[in-house]
Amino acid sequence: MDKDILILAIESSCDETAAAVVKNGREVLSNIISSQIALHTLYGGVVPEIASRKHIEAIDGVIQKALAEAHVTMEDIDAVGVTYGPGLVGALLVGLAEAKALAYATGKPLVGVHHIEGHICANYIENKDFAPPYMALVVSGGHSHLVYVSDYGKYEILGHTRDDAAGEAYDKVARVIGMGYPGGPKIDAAAKVGNPNAVKFPRVFLEEDSYDFSFSGLKSAVLNYVNKERMQNHPIVPEDIAASFQQAVVDVLVTKTIRAAKDHGVTKIALAGGVASNSALRESMRLACQKEGFYLSVPSPVLCTDNAAMIGCAAYYEYIAGVRDGLDLNANPSLKLGER
C-alpha cells in the first residue's frame, strides 16, 4: 500500500480513557492515556458506574490531545478504530458512541476492535519485524489466554482460564495480605524482597494435555495459609507470601506457554496484557525461551496495560483486510476473540 494509513484509535473498556494516532499499524504518533486508578483505589477495585462517568468526562479532551500531539486533524485520518468488547459494557459504550459520532460526522470508516486482539497486536509496535505465526500468552485482570496466532487477524484460542484470571488473582491476594489495589504492581514490588520458596503454594496444571488455567485454588490456598497463621499467632510476612504466590502463578504460565509453542511447532512467543508487565513473568519467560530456543517478544509496560496505540495497530490490520463496521455496531462485553 503506497499511501500512509492513519488510524485514530479509542479505548475505554475498563478504567483507562485512551486515544492514539497510529501510522501504518506500527508507528505511534501519539498515545494518550487518562487513568482512573487513583479514584478506584478508594474502593479497592474498579466501580463500573464511576468508570463510565469518568470516561464521559475525559474522552473529548483525550482525543483532542491525541490529534494535537500527532500534528494531524480528522481530515488526515483514514479510519476510526475503537474497542467494542470485551469489557465493562457502560465503559465500552462511551468509547463506541464517541467513535461512531466521529465516523458519522467526518465520513470516515469505522473499525471495531477486539480488546484482546489489541493486546496481542501491541507486540508489533516496538518490534517492527515481528510477525505471525507465534504463540501468544495473554494475561490481564480479566483474561488468561493461550492463543495460536497463525496470521494477522487469525487466532485460535488453545486455553483460557476456568475461573479467576491471573490478574484477578493478584488483586484478591493483595487484598488478603493487606497490600490493597491495584494488586499486580504491589505484589510484584513486594516479591522482589520476599522469598519465593517461603511457602509451598500449589501449581495447578489441570489435565495432562490441557492448556487451560485455574487460579482460584491457588488464591484459596493463600487465604487458608494466612488465616491459619493468624489463628496460631504466627507472624505474617507479606513479602514472602507475595513472592511465593507470584512464583506459583509464573511457573504455570511459563510451563504451559512453552509446551503449547512446542506442540504447535512455532519458534516465537509473545506476551500480552497487563500482567505481561510483571517483572517476574518477563524474566522467567525470557530464561525459558532462551533455554528452549524460542524468540520472545514483550512490549514495554506502557503497551501492556490498556492503551489506544494497541487498538490502532489492530484496527490497521483489520482495515487493510477490508473490515468496515456500520453505525449499528454495539458494545459486546463478552465478545470472543475471532468473532465479529
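Coordinate-derived values only; no laboratory data. Quick caveat, the model's predicted, so the values are computed rather than measured. Virtual Cβ from ideal backbone geometry, glycine too; neighbours counted across all protein chains shown.
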Need the C-alpha centroid separation for region 259-293 versus region 138-157, integer Å. 13
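Tally Lys and Arg at +1 and Asp and Glu at -1 over the other residues with C-beta under 14 Å from the C-beta of Glu283: what net charge comes out?
+2
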Using 7 Å Cα-to-Cβ label points, what is the Ser210/Asn127 separation (nm, one decimal)? 2.8
Taking the DSSP beta bridges in the chain as the whole, what percent of them are antiparallel, to the nearest 5? 60
Projected onto the charge dipole of region 131-298 (+1 at Lys/Arg Cβ, -1 at Asp/Glu Cβ, origin at the Cα centre), which of Gly159, Ser297, Ala261 gives the Cα projection farthest towards the positive end? Ser297
Once you charge only the Cβ atoms, +1 for Lys and Arg and -1 for Asp and Glu, what is the size of the charge dipole of region 131-298 about its Cα centre, to the nearest 20 debye? 340
Taking every other residue with Cβ under 11 Å from the Cβ of Asp325 and scoring Lys and Arg +1, Asp and Glu -1, one gets +1
I'd like to know which of Gly45, Ala309, Val113 lies farthest towards the positive end of the charge dipole of the chain, counting +1 on Cβ of Lys and Arg and -1 on Cβ of Asp and Glu. Gly45
So what are the radius of gyration and Dmax for the Cα set of region 1-108, in Å? 14.1, 50
Whole Å is fine, so just give me how far the alpha carbon centre of region 43-89 lies from that of region 166-223. 31
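To the nearest 0.05, what FRET efficiency results for Lys200 and Ile157 with a Förster distance of 25 Å applied to their C-beta separation? Mind dumping the intermediate values first?
Details: r = 31 Å, r/R0 = 1.25.
Rounded to the nearest 0.05, the efficiency is 0.20.
Please give me the summed charge of the neighbours of Thr161: other residues whose Cβ is under 10 Å from its Cβ, Lys and Arg +1, Asp and Glu -1.
Result for the neighbourhood of Thr161: -3.
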Average the reciprocal distances over every distinct pair of alpha-carbons in region 208-312, invert the result, and give the Kirkwood radius in Å. 15.8
All alpha-carbon distances of region 131-298, grouped into 10 Å bins from 0, give the whole-percent distribution 11, 40, 33, 13, 3, 0
Report, to one decimal in Å, the Kirkwood hydrodynamic radius for the chain based on all distinct Cα pairs. 20.4
Using a Förster distance of 22 angstrom, determine the FRET efficiency expected from the C-beta separation of Asn24 and Ser150, and round it to 0.05. 0.50
Determine which residues of region 179-219 fall in the zone a paramagnetic label at Glu57 would reach in this model, i.e. backbone nitrogen under 15 Å from the point 7 Å along Cα→Cβ. none
Give, rounded to the nearest 20 debye, the magnitude of the charge dipole that region 35-162 has about its Cα centre when Lys and Arg contribute +1 at Cβ and Asp and Glu contribute -1 at Cβ. 380
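Which value, in debye to the nearest 20, gives the size of the charge dipole of the chain about its Cα centre, when Lys and Arg are +1 and Asp and Glu are -1 at the Cβ?
Dipole magnitude for the chain comes out near 780 debye.
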